[in-house]
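Visitor: Before anything else, here's the structure in question.
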Amino acid sequence: MANYTQTDSAAGAPLLSVRNLSTHFPLDEGTVIAVDGASFDVFEGQTLGIVGESGCGKSVTARSILGILDKPGLIVDGEILFRRRGRNSGSEEVLDLTSFDPDSSEMRSIRGGEIAYVFQEPMTSFSPVHTIGNQLMEAIMLHQDMGKDEARAMGADLLRRVGIPLPDRRMDEYSFQLSGGLRQRAMIAMALSCSPRILIADEPTTALDVTTQAQILDLMSGLQEDNEMAIMLITHDLGVIAEMADYVVVMYLGQVVESAPVDDIFHNPQHPYTQALLQSIPRIQSTGQDRLASITGSVPHPYARPRGCPFNPRCPAFMLGTCDTSEPRLQPIGTRHEVSCFLHHGA
Amino acid sequence: MNDGQRLLEVNNLRKHFPIQHGLLRREIGRIRAVDDVSFYIGESETLGLVGESGCGKTTTARCILRAVDPTSGEILFRSEDGSTVDVATAPRAQMRSLRHEMQMIFQDPFSSLNPRMTLMDIVGEPLVISGYPRSEREDRVAELLRVVGLRPEFMRRFPHAFSGGQRQRIGIARALALNPRLIVADEPVSALDVSVQAQVLNLMMDLQSELGLTYLFVAHDLSVVKHISDRIAVMYVGKLVEMAPTDALFATPRHPYTAALLSSVPDPDPRTVRERVVLQGEVANPANPPAGCYFNPRCEYATDICRSETPQLREIAPNHFAACHRADELALAGVV
């Protein structure tokens, strides 16, 4: 494999390219537009952070990529282009994941094999009636040509790599016998079992305490350095984003409102939503008990999406007659910096 | 804060839960959820109680409201009429009259409101229980809704019509119904989105200055606790390890656990490069804690005395308490 540096891979072709993705949930009460024309790229060896509040579509985006949408979710538009290792070494092929049936053998080999997923809640993402070892071995034997003993040895080795003490004993334990931090480590071990090229981590540390969170984040960056894998990190925590991400996508009500390198998001945010979000977080470095700047109102109900820009009812820079009538589009305003706002480009 | 202004004083509070086994439910051990905890809260002050899951912060909060009966210890509450009541041992009848002075705000705004009751019923229920005149009830509920920033017209609606932040406002209105003096808030903003969290924190701070409320603010998020608290107490495996005024605790932590906790909080600025203390191992088991200081297996500064003797909470600097044998000699990094 070529020696990738960060700039090399950023300049090269993306590993995963999501183009204009729209995912809808047609329900009896109406259609929920969970993802509305989202576009972003994931590069090798880099971490893409997706940040947003609950209901912004960040998890549905991840689930759309893997074809594990809950019913009745449906990808109605867009492309998910994935650059896959070819059969013979060196060659690569680009596949549109939306063109496959989620249950097809093609998708099943990509899911878990090439793109792995770490769930938010480690308690519910393991089966309580099978041992950790059995579940790990199942994943290994499904994607790789291996016997039982070999798979078991590999499973124990994976648990050791993610820093679980006494891995051989843990193989025979059940998920409820592990603490939250160990369970999340086991989850990551399972995701790594087939050396995926992309790891999608959906709020991997939200259910954990801060000291455990620090351990897991350290583990993930260490593994990324070793494997050169791409990480797509989904979280609502801007602190975690600042620490982990190279490039950040900010989502609101299913749309990408801003995307930029991590430093620009925090030091040169251009969308009013990004700016307000950054001002509303209490900081550990702050002094005194000032009032926090807060965003008025709350995230609209999915059945009552506002017309025009999705953020217009809460926006401090709202322009009557523009923001509430037409929808802004994501357009570049700088190097790798894109914003979807009429303040930056007219209607 | 001088002694005369203390609203609540907790002395040597313990809550042990028995571990029972077998048909006869024989007691085979005890979980020391709260183990010899002492602190006080001054009038109109906010004490933040922080710690990781399972450290006993919620149990401490529930003992103060007598939602669970403490195993031993004193919880002295200075009542409105000036008398001091020990909540830990007060008889039922006395507790009933005390309860309107201390109220609770719950963590989950979705499960703490009955979906079959309207706002009028939810916010008005404390009024019904305390025998508030029926004719004035509706006016009082309307006033309470206005105070927390909701429209009084919402009174006939059910909780499902409201977002998380609005529901937490309803919970706050219910807690305020009987003009309490002490409010115990157990993780009041941890279930909310960041943009809404700021609204609720601002509301709680406004209410405090308007109504002179005293808060015990239980949370795991250090940046939130820092924002709202005057003083902060840090718990680890059922014990207080450090207690200090907010600025002192963050600038010069005196317990290695506090320092590790502070350095674990991710900073929302990609330009900061910080030396992070990553703790090894797991939190001690409260049913079978290690000898000596409970933190010693994870502490990089542990010496022989830490493995044999339990440190007591002592005053290291004025008003700055820590339970560490080496608190005087260690120079721990804080957050500036």
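Visitor: Using Cα-Cα distances under 8 Å and only pairs 6 or more residues apart, what relative contact order does segment A:125-193 have, in percent?
Guide: With pairs under 8 Å counted, the relative contact order is 42 percent.
Visitor: Taking a probe of 1.4 angstrom, what is the accessible area of B:Asp193 in Å², to the nearest 10?
Guide: Surface open to solvent at B:Asp193 totals about 30 Å².
Visitor: Another question, then. Any idea of the accessible area per residue across chain B, 1.4 Å probe, to the nearest Å²? Intermediate results must be reported in sequence, preceding the final value.
Guide: Working: 14710 Å² over 336 residues.
That works out to 44 Å² for each residue.
Visitor: Debye sum, Cα scatterers, chain A, no solvent: what log₁₀ I/I(0) at q = 0.11, 0.15 1/Å?
Guide: Rounded to two decimals, the profile gives -0.77, -1.36.
Visitor: Given the DSSP H assignment, sum -39500 (n - 2.57) over each helix run of at least 4 residues in the protein assembly as shown and divide by its residue total; what's the result at 222 nm in deg cm²/dmol, nearest 500?
Guide: -8500 deg cm²/dmol
Visitor: Just tell me which lysines come within less than 25 Å, Cα to Cα, of B:Lys239; anything on the same chain fewer than 8 places away is out.
Guide: The reachable lysines, counting only those whose Cα sits under 25 Å from B:Lys239, are B:Lys15, B:Lys57, B:Lys226.
Visitor: Same structure again: Rounded to the nearest 10 degrees, what's the angle between the helix A:148-161 long axis and the longest principal axis of chain A, both from Cα atoms, 0 to 90?
Guide: Helix A:148-161 sits roughly 50 degrees off the main axis of chain A.
Visitor: From the square roots a ≥ b ≥ c of the eigenvalues of the alpha-carbon gyration tensor of segment A:97-250, which class results: rounded (a/c under 1.5), prolate (a/b over b/c), or oblate?
Guide: Oblate shape, in that a/c is at least 1.5 and b/c is the bigger or equal ratio.
Visitor: Run the numbers on chain B and let me know its relative contact order in percent, using alpha-carbon pairs under 8 Å that are six or more apart.
Guide: Answer for chain B is 19 percent.
Visitor: Also, I was wondering about something else. What do you reckon, how do A:Lys148, B:Lys57, A:Lys71 stack up by accessible area (1.4 Å probe), largest on top?
Guide: A:Lys71, A:Lys148, B:Lys57
Visitor: Ordering B:Phe158, A:Phe40 from largest to smallest accessible area (1.4 angstrom probe), what's the sequence?
Guide: So the residues, ranked largest to smallest area, are B:Phe158, A:Phe40.
Visitor: Return P(r) of segment A:125-193 (all Cα-Cα pairs; 5 Å bins starting at 0; whole %; ordered from short to long distances).
Guide: 3, 21, 34, 27, 12, 3, 0
Visitor: Any idea what Rg and Dmax come out to for chain B if you just take the C-alpha atoms, in Å?
Guide: Here Rg and the maximum Cα pair distance are 21.1, 68 Å.
Visitor: Moving to a separate point now. Just going by the charge dipole of the protein assembly as shown, with Lys and Arg at +1 and Asp and Glu at -1 on Cβ, which of B:Thr214, B:Gln168, B:Pro133 is farthest out on the positive end?
Guide: Farthest towards the positive pole: B:Pro133.
Visitor: For a label point 7 Å from the Cα of A:Asn134 along Cα→C-beta, name the residues of segment A:166-183 whose backbone N is under 15 Å from it.
Guide: Those under the cut-off are A:171-177.
Visitor: Kindly state, to the nearest 0.05, the FRET efficiency for B:Ser130 paired with A:Tyr174, given R0 = 60 Å and r defined as their beta-carbon distance.
Guide: With R0 = 60 Å, the Cβ-Cβ based efficiency is 0.80.
Visitor: Taking the Cα centre of segment A:125-193 as origin, sum charge times position over the Cβ atoms of Lys and Arg (+1) and Asp and Glu (-1), and report the length of that vector in debye to the nearest 20.
Guide: For this selection, approximately 300 debye.
Visitor: How large is the accessible surface of B:Glu329 in square angstrom, using a 1.4 angstrom probe and rounding to the nearest 10?
Guide: My reading of the accessible area for B:Glu329 is about 120 Å².
Visitor: What is the spread of the Cα atoms of the protein assembly as shown along each of their three principal axes, largest first, in whole Å?
Guide: Extents along the principal axes, in whole Å: 82, 67, 52.
Visitor: For A:Lys71, list the lysines whose Cα falls under 19 Å from its own Cα; do not include residues on the same chain fewer than 8 positions away.
Guide: A:Lys58
Visitor: Using θ = phi - 60° and the Karplus form 6.51 cos²θ - 1.76 cosθ + 1.60, what ³J(HN,Hα) does each residue of segment B:287-303 get, whole Hz, x for Gly and Pro?
Guide: Each residue of segment B:287-303 in turn: 7, 9, x, x, 5, x, 5, 5, 8, 4, x, 10, 8, 6, 9, 5, 10 Hz.
Visitor: Just to be sure I understand: if you take the accessible area of chain B alone plus chain A alone and subtract the pair, with a 1.4 Å probe, what total do you get in Å², rounded to 100?
Guide: Details: alone 16650 and 16810 Å², together 29610 Å².
Using a 1.4 Å probe, the pair buries roughly 3900 Å².
Visitor: Only residues of segment A:236-267 count here: report those whose backbone N is under 18 Å from the spot 7 Å along Cα→Cβ of A:Thr322, or say none.
Guide: Under cut-off, by backbone N: A:257-258.
Visitor: Right, here's the next one. Order B:Val237, A:Val94, most accessible first, counting only protein heavy atoms with a 1.4 angstrom probe.
Guide: A:Val94, B:Val237
Visitor: For a quick check of understanding: with a 1.4 angstrom probe and all protein chains in place, what accessible area in square angstrom does A:Val262 have, to the nearest ten?
Guide: 20 Å²
Visitor: Contact order normalised by length for chain A, with contacts defined as Cα pairs under 8 Å and 6 or more residues apart; what percent is it?
Guide: 19 percent
The values are calculated or read from the model by the stated rules, or taken from the named source; none is laboratory data. Just so we're clear, the structure is a prediction, and the values are computed from it rather than from any experiment. Cβ coordinates were reconstructed from backbone atoms using ideal geometry, including for glycine residues, and neighbour counts include every protein chain displayed. These accessible areas exclude ligands, DNA and RNA; they are computed on the full protein's heavy atoms, side chains included. Shrake-Rupley method; radii C 1.70, N 1.55, O 1.52, S 1.80 Å.
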